[in-house]
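The values are calculated or read from the model by the stated rules, or taken from the named source; none is laboratory data. Owing to the predicted nature of the structure, the values given are computational and were not obtained by experimental measurement. Using ideal geometry, Cβ is built from the backbone for each residue, glycine included, and neighbour counts are taken over all protein chains shown.
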Amino acid sequence: MIMQRTTATSSCRALRAIVVISVAQAIIESNWGESRFAREANNFYGVIQTDRTEPYIKALRGKTLLKVYGNKCESVGDYIELLNNSEYFKEYRDIRMKQVITGEVDIFTVIESLDSYATDSKYTRKVKDVVNSLLEDYPLLFYP
């Protein structure tokens, strides 16, 4: 478990934790950028479109509609907006803020609060696995 307590770098570590999590989620949701949604719709986070008057791409199986973005940055921006404003991610925001304030960064506690991001009951386990792999292969993502 990654747990750090410092004063000068606590905010930096907390923010880096969020970056690692967002990269892991993009990897899972877009299959490393290879999914049809990523390639054709710039949708790297599996964000669902609920407004049929806005651009969408239909899943090949099922009735799910996903948002279409003009570019990759729009996808990342919408993902950040979703986490920062949706009622479904209040716990995520509360945990993230507490970790910034206290300087105690536990990336896996933050991940646990994302259980409502996907319908897959093993989603947070998958995110943890990808985060562990990223931190092993690219330690500077978390440790400056």
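Results for (1) over 16 Å from Ala17 (Cβ atoms); (2) basic (Lys, Arg); (3) touching a helix residue (DSSP H, G or I) at 6+ places or on another chain (Cβ under 6 Å), shown as yes or no for each residue.
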| residue | (1), (2), (3) |
| --- | --- |
| Leu83 | no, no, yes |
| Ser86 | yes, no, no |
| Phe89 | no, no, yes |
| Ile95 | no, no, yes |
| Val100 | no, no, yes |
| Gly103 | no, no, yes |
| Glu112 | no, no, yes |
| Arg125 | yes, yes, no |
| Leu135 | no, no, no |
Looking at the range 67-77, can you tell me whether even one residue there is modelled with pLDDT of 95 or more and among the acidic types (Asp, Glu)?
yes
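Let's see how each residue does on (1) of a type in the set (Asp, Glu); (2) farther than 21 Å from Leu66 by Cβ; (3) modelled with pLDDT of 95 or more:
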{"residue": "Leu83", "(1), (2), (3)": "no, no, no"}
{"residue": "Thr102", "(1), (2), (3)": "no, yes, no"}
{"residue": "Ile107", "(1), (2), (3)": "no, yes, no"}
{"residue": "Asp115", "(1), (2), (3)": "yes, no, no"}
{"residue": "Lys126", "(1), (2), (3)": "no, no, yes"}
{"residue": "Leu134", "(1), (2), (3)": "no, yes, no"}
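For the range 61-71, does any single residue satisfy the condition of being in a helix (DSSP H, G or I) and surrounded by fewer than 18 Cβ atoms within 10 Å (Cβ to Cβ)?
Looking for residues that are in a helix (DSSP H, G or I) and surrounded by fewer than 18 Cβ atoms within 10 Å (Cβ to Cβ), one finds none in the range 61-71, hence no.
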Please specify each residue of the range 49-60 satisfying the condition of being surrounded by 10 or more Cβ atoms within 10 Å (Cβ to Cβ) and part of a loop (DSSP other than H, G, I, E, B).
Gln49, Glu54, Pro55, Ala59
Answer from Val110, Val76, Val100, Val105 - the residue that is surrounded by 14 or more Cβ atoms within 10 Å (Cβ to Cβ), under 19 Å from Ser35 (Cβ atoms) and in contact (Cβ under 8 Å) with a residue 24 or more places away in the chain:
Val76
Pair list, Cβ under 8 Å, 6 or more apart: the range 52-72 residue within 16 Å of Ser35 (Cα to Cα), other residue surrounded by 15 or more Cβ atoms within 10 Å (Cβ to Cβ) and acidic (Asp, Glu)
Lys67/Asp78; Tyr69/Asp78
